[in-house]
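Notes follow the structure.
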Amino acid sequence: MTRAATYFEDVVVDRVQLTPAITVTEAHVAMYQGLTREVPLESSDVPDVLPLCMAIGLGWRVNDPPMVVQAFVGLDWKVMKELRVGDTMHSRSRIVSKRALRDGGLIVDERTILDQRGEVVQQGKFTFLVAKRQKEASA
């Protein structure tokens, strides 16, 4: 079975996608700290990188097939306010630009993580190298 994929040619500039929401729990924090070995925070604090990790995971739950990413080129990220255990978050992404290269192209994806009040928690831009479709060889 071939899985659907989004190639450079399929990417639409200014298209907005919203992920489903998730409530951050103490278990999420404990699993993150167990993997990273970060020093435990106050009981209701969420490590700054955890919402970013969760937003990336939630991105796999949108309807569109994933992009055929060949390389992760860059990340420009800002933490605007802290998220706390019990807060519900989701993310919004918008493709802000695409630039064709020979075998692929650069895609800049602007992401915003929002809490249950619609307030911006974190935001930034991801830059990906995304594959172009392979041209069919002539017989």
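The values are calculated or read from the model by the stated rules, or taken from the named source; none is laboratory data. Note that the structure is predicted; figures quoted are calculated from it, not measured. All Cβ positions, glycine included, derive from the backbone under ideal geometry; neighbour counts span all protein chains shown. All accessible areas refer to the heavy atoms of the entire protein, side chains included, with ligands and DNA or RNA removed. Shrake-Rupley method; radii C 1.70, N 1.55, O 1.52, S 1.80 Å.
Restricting V49, V85 to those that are over 16 Å from the mean Cα position of the chain (by Cα), closer than 27 Å to M31 by Cα and surrounded by 14 or more Cβ atoms within 10 Å (Cβ to Cβ) reduces the list to V85.
Please specify each residue of segment 26-43 satisfying the condition of being surrounded by 13 or more Cβ atoms within 10 Å (Cβ to Cβ), over 30 Å from A5 (Cβ atoms) and touching a residue at least 12 places away in the same chain (Cβ under 8 Å). Within segment 26-43, V29, Q33, L41 meet the criteria.
Of the residues making up segment 114-139, those that are surrounded by fewer than 18 Cβ atoms within 10 Å (Cβ to Cβ) and among the acidic types (D, E) are E119, E136. Can you tell me which of (1) open to solvent by 80 Å² or more (accessible area, probe 1.4 Å); (2) under 11 Å from the mean Cα position of the chain (by Cα) is the one A55 doesn't meet? So the condition that A55 fails would be (1). Taken over segment 92-126, the residue count meeting the criterion of being in contact (Cβ under 8 Å) with a residue 24 or more places away in the chain and among the charged types (D, E, K, R) is 8.
When you scan segment 8-24, do you find a residue that is without any contact (Cβ under 8 Å) to a residue 60 or more places away in the chain, assigned to a loop (DSSP other than H, G, I, E, B), of a type in the set (S, T, Y) and more than 19 Å from L106 (Cβ to Cβ), even just one?
Keep residues of segment 8-24 that are without any contact (Cβ under 8 Å) to a residue 60 or more places away in the chain, which gives 10.
Next, from what is left, pick out any that are assigned to a loop (DSSP other than H, G, I, E, B): none.
No, segment 8-24 contains no residue that is without any contact (Cβ under 8 Å) to a residue 60 or more places away in the chain, assigned to a loop (DSSP other than H, G, I, E, B), of a type in the set (S, T, Y) and more than 19 Å from L106 (Cβ to Cβ).
Of the residues making up segment 31-65, just one is closer than 17 Å to R84 by Cα, of a type in the set (G, A, S) and modelled with pLDDT of 90 or more, namely A55. So, in segment 88-113, exactly how many residues are surrounded by fewer than 15 Cβ atoms within 10 Å (Cβ to Cβ) and β-branched (V, I, T)? The qualifying residues number 2.
Among the residues of segment 1-34, those that are under 18 Å from the mean Cα position of the chain (by Cα) and aliphatic (A, V, I, L, M) comprise A5, V11, V12, V13, V16, L18, A21, I22, V24.
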